[in-house]
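The values are calculated or read from the model by the stated rules, or taken from the named source; none is laboratory data. If you're wondering where the values come from, they're calculated on a predicted model, not measured in any experiment. Every residue, glycine as well, gets a Cβ built from its backbone with ideal geometry; the counts of neighbours run over all protein chains shown. The accessibility values were calculated without ligands, DNA or RNA, using every heavy atom of the protein model including side chains. Shrake-Rupley method; radii C 1.70, N 1.55, O 1.52, S 1.80 Å.
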Amino acid sequence: MSVATSRISVQGSEPVFHVIDEHDHPEGASTMLGFWIYLMSDCLIFAMLFATYGVLGGNYAAGPAPKDLFDLKLVALNTTMLLLSSITYGFAMLTMEKSKIGQTQLWLAITGLFGLAFLGIELTEFAHMIHEGATPQRSAFLSSFFTLVGTHGLHVTFGLVWLVTLMVQTARFGLTTANRRRLMCLSMFWHFLDVVWIGVFTFVYLLGMLR
Amino acid sequence: MTTDSHALHSNDGHGHDDHGGAAHGSLKSYLIGFGLSVILTAVPFWLVMTGTIADKAVTALIVLVLAAVQIVVHMVYFLHMNTRSENGWTMMAMIFTVVMVVIALTGSLWVMHHLNINMMPMHDMSQMP
């Protein structure tokens, strides 16, 4: 490139200090990095919610404490659902690489069912807590609890919407390059939610029961 | 020269691989990750639910360490984190995020803990008019 630049300037025309020929970027080449940076920013949102819970988590306002509310068996079941959905999404990725569209769809569907089971158990837990009067308005502990766990649940919900969308896309257009890229983004999103859940069950549930 | 190499990139479907793109897992790595995750999840739940260790502080410490290990396991085996993918930029972004998270978390907890300690005693508030 420097040769071309110097040759042009020698000829007396306008010197060019940048690459002239169009630099070809294949479509979606930077998507994975961009999506990773989005996940990192999402990580900061959760870090703030964890910090809020860490500060307010002990302020019960003479209301119910973690020991009165949490059922660890239910949380263990919930954690199992999310962990299983992580490995089944991994299987979906492996079959996608082998271009087996039927198996990919099957694993995606199983992942979706595990995700749905997770959400169902979480909503049952929330409904049970609210029925007992442990609403988000009851104490600072409960406000921060519902915000943190609810935000995670909302992420899973949108992950499920995305999953169904991609299954329809894959059914209609097949495992095209674009669809593979989208499925890989969702894969990162899904595994990331599992990582956040590790923080939730450790800090909120397990340490809450020890308090 | 540049045109040729980029033509090559766009011809094969996995152009991003040549740019040092996202790594892919194998069945073995997924299963290893899953096995480790199951153990690292089951042990803390078992510790807390049965109360095997009488000292709660020790239990809490073990639970926290296991969670940290499990997060690393998920990062490596499920999210395929390594120093090579995207020419190291994913690792850079993650290190930056971890630094931010540590500053925000420890800072918030530290400052708010000291605010709590230095607060006026709360039990007199109910007697006030």
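Worth pointing out:
- Considering the conditions (1) closer than 14 Å to A:V195 by Cα; (2) open to solvent by less than 20 Å² (accessible area, probe 1.4 Å), B:V76 is excluded by exactly one of them, (2).
- Flag if A:L74 is within 22 Å of A:M188 (Cα to Cα) and open to solvent by 10 Å² or more (accessible area, probe 1.4 Å): no
- Taking each residue of region B:76-88 that is at positive phi and looking for partners that are open to solvent by 60 Å² or more (accessible area, probe 1.4 Å) and assigned to a loop (DSSP other than H, G, I, E, B) with beta-carbon atoms closer than 7 Å, six or more apart or interchain, yields B:H80/B:H24.
- With respect to (1) open to solvent by 60 Å² or more (accessible area, probe 1.4 Å); (2) more than 9 Å from chain A (Cβ to nearest Cβ); (3) in a loop (DSSP other than H, G, I, E, B), the lone exception for B:H24 is condition (2).
- Scanning region B:69-86 for residues that are assigned to a helix (DSSP H, G or I) and more than 9 Å from chain A (Cβ to nearest Cβ) gives B:V69, B:V72, B:V73, B:V76.
- Residue within region A:155-175 that is open to solvent by 20 Å² or more (accessible area, probe 1.4 Å) and within 10 Å of chain B (Cβ to nearest Cβ) present: no
- Hey, B:I62 surrounded by 14 or more Cβ atoms within 10 Å (Cβ to Cβ) and part of a loop (DSSP other than H, G, I, E, B) or not: no
- Meets criteria (open to solvent by less than 30 Å² (accessible area, probe 1.4 Å) and modelled with pLDDT of 95 or more) for A:F50: no
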